[in-house]
1. For Glu45 paired with Ala74, estimate the spin-label separation in nm (one decimal), with each label point 7 Å from Cα along the Cα-to-Cβ line.
2. Once the other residues with Cβ under 12 Å from the Cβ of Met33 are scored (Lys, Arg +1; Asp, Glu -1), what is the net sum?
3. Under the 0.36 nm per residue contour assumption, what length would be gained going from the current alpha-carbon distance of Ser16 and Arg99 to full extension?
4. Before anything else, pin down the relative contact order of region 51-118: Cα pairs under 8 Å, at least 6 apart, normalised by residue count, whole percent.
5. Tell me the accessible surface of Tyr94 in square angstrom (1.4 angstrom probe, heavy atoms of protein chains only), to the nearest ten.
6. With +1 on the Cβ of every Lys and Arg and -1 on the Cβ of every Asp and Glu, and nothing else charged, how large is the dipole of the chain about its Cα centre, in debye rounded to the nearest 20?
7. Do any GluC sites (Glu not before Pro) in region 8-94 lie in a loop, going by DSSP, with at most 15 other beta-carbon atoms within 10 Å of their beta carbon, and if so which?
8. Measuring with a 1.4 Å probe in the full set of protein chains, what accessible area per residue, in whole Å², belongs to the chain?
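The values are calculated or read from the model by the stated rules, or taken from the named source; none is laboratory data. Treat the numbers as computed from the prediction; the structure is a model and nothing was measured. FYI the Cβ positions are ideal-geometry reconstructions off the backbone, even for glycines, and counts take in every protein chain you see. Please note that ligands, DNA and RNA were not included when accessible areas were found on the heavy atoms of the full protein model with its side chains. Shrake-Rupley method; radii C 1.70, N 1.55, O 1.52, S 1.80 Å.
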Amino acid sequence: VQLQASGGGLVQAGGSLRLSCAASGRTFSDYRMGWFRQAPEKEREIVAAVSRSGRNTDYADSVKGRFTISRDNAKNTVFLQMNSLTLEDTAVYYCAARRYGSNWPPSKDEFDYWGQGTLVTVSS
């Protein structure tokens, strides 16, 4: 699976951004999708995940109620709607795909394919 993330940028605190990740190469609906992020000098952490059908979602506590993950299997795309952004949300965001497993929270090692990352910068 090839993954191409987009939608990052500079936003003021309290604002919103929508990230997209377009997949190609294999059957998109066979893969559980996740969004990770990595802030400077920090470990990569899971933000949200969505099941293969899109019916089930999981979120890190730090983003619950503010972020929404969704997918469109007809368009081979997964989204991350980010609202009420704070300075702590500044990071490079990565989309990732895993063929097997659905545990939460997952480690990054459990994902098979990764996008290139898109930078989100939240300013005060």
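1. 3.6
2. +1
3. 26.9 nm
4. Result for region 51-118 is 25 percent.
5. 40
6. Computed charge dipole of the chain: roughly 420 debye.
7. Numbers: sites: Glu41, Glu43, Glu45, Glu88; in loops: Glu41, Glu43.
Those that pass, being in a loop and sparsely packed, are Glu41, Glu43.
8. Roughly 51 Å² per residue, with all protein chains present.
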